[in-house]
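Right, one structure below, let's go through it.
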Amino acid sequence: GRVWLSSTDECTWFGVTCSADGVVRKVDLSTNDLVGELPYELAALRFLQLLALPHNCIFGTIPPELGSLRHLLSLELHGNGLSGVMPNEMYSLDKLQLLNLAAQYGQDRKCNRTDGSVININHQRGGTTLPLKLNDGLTGKLGSEVGVWRSMKG
C-alpha cells in the first residue's frame, strides 16, 4: 500500500507531486476519506503551490500557520466539516489564485476511521465529542484584506 509518514521519499507518496529538484509542490488528496484536523505542520511545505483536500472528513479550524505558505496558488478545502473563522493569516497568501472553502456543513458526508468508528461532518469535530452539536461551518466575513489577493481568478 501507499504509506504516508514513512521513510520513503515523499515525492513517491500517493497524492504528492514534486518539482524536478525534489521539492514538494502539490498535495492532492481529494475524496480520500481523510479523517481529522488539518495539521499545522503542513506549513513546513514551504514551497507548496497546491493543497487540495476537498470532499474528505476534515474538521476543526483552519490552522493560521497555513498563512505562511507564501507560494500557495490554490487552496481547495471544500466539502469537509471545517468550522470557526478563516484566520487573518490567510491574507498573507498574496499569490493565491483559487480559494475554495465552500460546503462545510449540511453535507451528508461520512467517513470510516481505521478503528471502525464513523465520522459525520454534519456534527462539530466530526461527531467525535459529546454532546453532539451540529456543525455551523465556517463563520464570519471576509475582510477588506481580500484586496491582497490580486492574482485571484474569478
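The values are calculated or read from the model by the stated rules, or taken from the named source; none is laboratory data. None of these values were measured; they are calculated from a predicted model. For accessibility, only protein heavy atoms count, side chains too; no ligands or nucleic acids. Shrake-Rupley method; radii C 1.70, N 1.55, O 1.52, S 1.80 Å.
Diffusion of the range 99-154 by Stokes-Einstein, at 4 °C in a medium of 1.567 mPa s and with Rh set to the Kirkwood radius over alpha-carbon pairs, works out to 95 µm²/s.
Mean separation of Cα pairs under 8 Å and 6 or more residues apart, divided by the residue count, gives the range 1-86 a relative contact order of 24 percent. In vacuo Debye scattering of the range 1-149, one point per C-alpha: log10 I(q)/I(0) at q = 0.17, 0.20 Å⁻¹? Calculated log10 I(q)/I(0) at the listed q: -1.00, -1.28. Ordered by 1.4 Å accessible area with all protein chains kept, Arg25, Arg70 run largest first as Arg70, Arg25.
Remark: relative contact order (the chain) = 18 percent; criterion is Cα-Cα distance under 8 angstrom and separation of 6 or more residues. Val35 contributes an accessible area of around 50 Å² to the protein surface, as traced by a 1.4 Å probe with all chains present. Rolling a 1.4 Å probe across the protein heavy atoms gives the chain an accessible surface of 58 Å² per residue.
When the solvent-accessible surface of protein heavy atoms is calculated with a 1.4 angstrom probe, in what order do Lys133, Lys141, Lys153 fall, highest first?
Lys141, Lys153, Lys133
Glu89 contributes an accessible area of around 90 Å² to the protein surface, as traced by a 1.4 Å probe with all chains present. A 1.4 Å probe over all protein chains sorts Met86, Met152 by accessible area into Met152, Met86, starting with the largest.
Please tell me the relative contact order of the range 43-121 in percent, rounded to the nearest whole number, where contacts are Cα pairs under 8 Å and at least six residues apart.
31 percent
Evaluating 6.51 cos²θ - 1.76 cosθ + 1.60 at θ = phi - 60° for every residue in the range 124-133, the Karplus couplings come out as 4, 6, x, x, 8, 10, 10, x, 5, 10 Hz, glycine and proline recorded as x. Once all protein chains are placed together, Trp13 keeps about 40 Å² accessible to a 1.4 angstrom probe.
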